[in-house]
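What follows is a short report on a single structure.
Just so it is clear, none of the values below were taken in a lab; they were calculated from the coordinates. What you see is a predicted model; the values in this text were computed from it and never measured. Virtual Cβ from ideal backbone geometry, glycine too; neighbours counted across all protein chains shown.
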Amino acid sequence: MSSNSFANEDVMEDYMSALLTDDAIVEVAQRQSVEQLLKTAPTPRTEPFIQFTQEIVEEPLETVPVMAKVIQPEVEKKLLITETPRKVIKPVIPTEPFQVLLFEVAGITLAVPLIELGGIHQIETVNPLFGKPAWFKGVLLHREEKYNVVDTAKWVMLGKSAEKLAGVTKYPYLIVLGDSGWGLCCESLTATETLLPDEVKWRNVEGSRPWLSGMIKKKMCALLNVQQLISMLNQGLSSND
C-alpha cells in the first residue's frame, strides 16, 4: 500500500461507509403564515360614505344594438418540462465465486471484476485535448488503439482535495474498462482476489453513486459497477453527477 494510505482500518471504514451510503435529500418548504397574511390585509373603512341627495334627471338615450362577438377563450399553452430519469445499469450479482483486480488510487483501493477488465497498459505519453472536463487527462495511443484516459482521483473525489492529490499522484498504469475505450489511471496494482457473492455488501445503485456496486467487506474497498461507469463517462458525467 502506498505511503498516502489511510492511517488505520477505522478511518478507511468510516470513509468507505460514507462513500457507499446514500444521502437523504431533505427539502424545506417555507410557507407564509395566516397571521402574516392578516397583517397585510387592507384596513377596514371607518369614515361614512357620502350620500348624494341631489335629484338626478335621467334623459332617455338612443340605444344602438350591438352585435356580440363571441371570443373563443384562449387556452394558455404551458410547456411541460419533464426530466428524463437517468438510466441506471444495475450490476449482475454473481451466484458463484468471481475474481476481481484490486488497484490503488491516491490511497483508496478500488476493485474491478476481471470479467469486465479490458486490459492493463503502462502509461507513457498522454495527449491532452482541449474543451474536456478536468478529470479527462487526454488520449493514450497504444499500438493501433486509442484510449480515453481518466484521472481517477479527480473523477472519484472531486473538490480541492482531489486537485491536491492529483497533482502529486503518479499514474504508471491504465485500467481499461471492457472494450469501451475508457481507462482509469492507476497508482499501483495490488492483487487479484477470488470472492464469494456474500463477501460483498451489495448496495442499491438506483440511489446516489450508481457506479459503485458495493463494498468488499474483508478488504474495505469499493467494487466498481463497470457498465454504469462507462455510461457516465460517455455522457461526460463525474462521480457525483
Exposure proxy check: ASP151, ASP198 ranked by fewest other beta carbons within 10 Å? ASP198, ASP151
Gain in length, LYS217 to ILE120, computed as 0.36 nm per residue apart minus the alpha-carbon separation, to one decimal in nm? 32.4 nm
Determine the sum of side-chain charges near ASP198: Lys and Arg each +1, Asp and Glu each -1, restricted to other residues whose C-beta is under 13 angstrom from that of ASP198. +1
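Can you pick out the pairs among LYS137/LYS170; LYS90/LYS201; LYS90/LYS132; LYS90/LYS217 whose Cα atoms lie more than 22 Å from each other?
From the list (LYS137/LYS170; LYS90/LYS201; LYS90/LYS132; LYS90/LYS217), the Cα-Cα distance tops 22 Å for LYS90/LYS132.
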How many nm is it between the label spots at TYR173 and THR192, if each spot is 7 Å from the Cα in line with the beta carbon? 1.2
Find how much the distance from HIS142 to LYS201 grows on full extension, using 0.36 nm per residue of separation minus their present alpha carbon separation; answer in nm with one decimal. 17.6 nm
